[in-house]
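FYI, it's all coordinate maths here, none of it is from the lab. Just so we're clear, the structure is a prediction, and the values are computed from it rather than from any experiment. Every residue, glycine as well, gets a Cβ built from its backbone with ideal geometry; the counts of neighbours run over all protein chains shown.
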Amino acid sequence: MTVNQATTGAKATVVEARKLGLAFQTNDGPVQALSDVDLAIGKGEFVSFIGPSGCGKTTFLRVIADLEKPTAGTISVNGQTPEQARKARAYGYVFQAPALYPWRTIERNVALPLEIMGVAPDERKERIRRTLELVNLGGFEKKYPWQLSGGMQQRASIARALAFDADLLLMDEPFGALDEIVRDHLNEQLLQLWARTNKTICFVTHSIPEAVYLSTRIVVMSPRPGRVTGVIESTLPQERPLDIRESPEFLAIAARVRDGLRAGHSYEV
């Protein structure tokens, strides 16, 4: 089955997948995680991926990041292979858990990729200051992860991903383990961060309201083998207060996402 291909209009293409497939080899035989995925993501977009557990959302992000190798089709990141993009440090990756080193202060956690890159101390210090300010963690530089709340730890993880100033940010359900109040607050902050930085963001979520609230487009995926069954454009304004989620326009987009999930036989969201 041919999947729906998203178009990026006049925007420069950051990620482009054509007939992408990935099969894992297991003791019980091959498992098809992704099948025949066509998708283009333009510069400055905020694209969310939604679907049931095991549908290939995270796998697709891992292919972009060169953490998994496709077994069919092609994918490019800024016109390069994922391996070339990884070596060029073309993206930042935010995982489901903050994955901060408990023996390093927040500033030293954020500094880690910069140390690996060999960034000069003065520039490193300035980047750390700037990125911590971006995620509203100025003043917490000397704290350790265990001294911060879960939401603050996740913001520190985002700062670390932003520190080397890649244009592409990959986010794998970063707020899924947080309570609803903290999650709402971080959703607001992430939108503000996106507006200030003009990053291209690929965001995995199981939450329909979160996908609709954050995104310029929502990619709906089917159960395994993961396919793109629909790409829904958002007509919401860029300025989005939380109460926009009660508006008829928001509810109409959410209904389209829900219908897309049902059409793909995806009920476990």
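Can you run phi through the Karplus equation (6.51, -1.76, 1.60; θ = phi - 60°) for segment 80-95 and list ³J(HN,Hα) in whole Hz, with x for Gly and Pro?
Once θ is set to phi - 60°, the couplings for segment 80-95 become 10, 5, x, 5, 4, 5, 5, 5, 7, 6, 7, 8, x, 10, 10, 8 Hz.
When only Cα pairs under 8 Å and 6 or more residues apart are kept, what is the percent relative contact order across segment 100-165?
Answer for segment 100-165 is 51 percent.
Cα atoms only: what Rg and Dmax, in Å, come out for segment 55-162?
Cα-based Rg and Dmax for segment 55-162 come out at 15.5, 48 Å.
Once you charge only the Cβ atoms, +1 for Lys and Arg and -1 for Asp and Glu, what is the size of the charge dipole of segment 1-142 about its Cα centre, to the nearest 20 debye?
260
Assign one of three labels to segment 143-201, namely rounded, prolate or oblate, based on the Cα gyration tensor with a ≥ b ≥ c the square roots of its eigenvalues; rounded applies when a/c is under 1.5, prolate when it is not and a/b is larger than b/c, and oblate otherwise.
oblate
About the Cα centre, and with charges only on the beta carbon of Lys, Arg (+1) and Asp, Glu (-1), how big is the dipole of the chain? Nearest 20 debye, please.
The dipole magnitude comes to about 540 debye.
Picking from Ile50, Ile116, Gln25, whose Cα lies most toward the positive end of the charge dipole for the chain (charges on Cβ: Lys, Arg +1; Asp, Glu -1)?
Ile116
Counting other beta carbons within 10 Å of each residue's own, what order do Ser48, Ser247 fall into, fewest first?
Ordered from fewest to most neighbouring Cβ atoms within 10 Å, Ser48, Ser247 come out as Ser247, Ser48.
What chymotrypsin sites (Phe, Trp or Tyr not before Pro) in segment 175-269 are in a loop by DSSP, with at most 15 other Cβ atoms within 10 Å of the Cβ?
For chymotrypsin sites (Phe, Trp or Tyr not before Pro) across segment 175-269 that sit outside H, G, I, E and B with at most 15 neighbouring Cβ atoms in 10 Å, the list reads Tyr267.
Counting Lys and Arg as +1 and Asp and Glu as -1, each charge on the Cβ, what is the dipole of segment 87-162 about the Cα centre in debye, to the nearest 20?
Charge dipole, segment 87-162, about its Cα centre: 100 debye, nearest 20.
Report, in order of residue number, the helices in the chain meeting two criteria: a C-alpha extent of 15 Å or more along the helix axis, and a mean Kyte-Doolittle hydropathy of at least 0.0; treat each whole DSSP H run as one helix.
Qualifying helices: 106-117, 248-263.
Decide, for segment 100-149, between rounded, prolate and oblate: order the square roots of the alpha carbon gyration tensor eigenvalues as a ≥ b ≥ c, take rounded if a/c falls under 1.5, and otherwise choose prolate if a/b is larger than b/c, else oblate.
Oblate is the answer for segment 100-149, as a/c is 1.5 or above yet b/c matches or exceeds a/b.
Alpha carbon centre of segment 156-171 versus segment 69-147: separation in Å?
5
Find which of Ala156, Pro145, Met171 sits farthest along the positive direction of the dipole of segment 111-188, computed with +1 on the beta-carbon of Lys and Arg, -1 on that of Asp and Glu, about the Cα centre.
It is Pro145.
Kindly count the pairs of lysines across the chain whose alpha carbons are less than 25 Å apart, treating pairs on different chains or eight or more residues apart as eligible.
Going through the chain pair by pair, I get 23.
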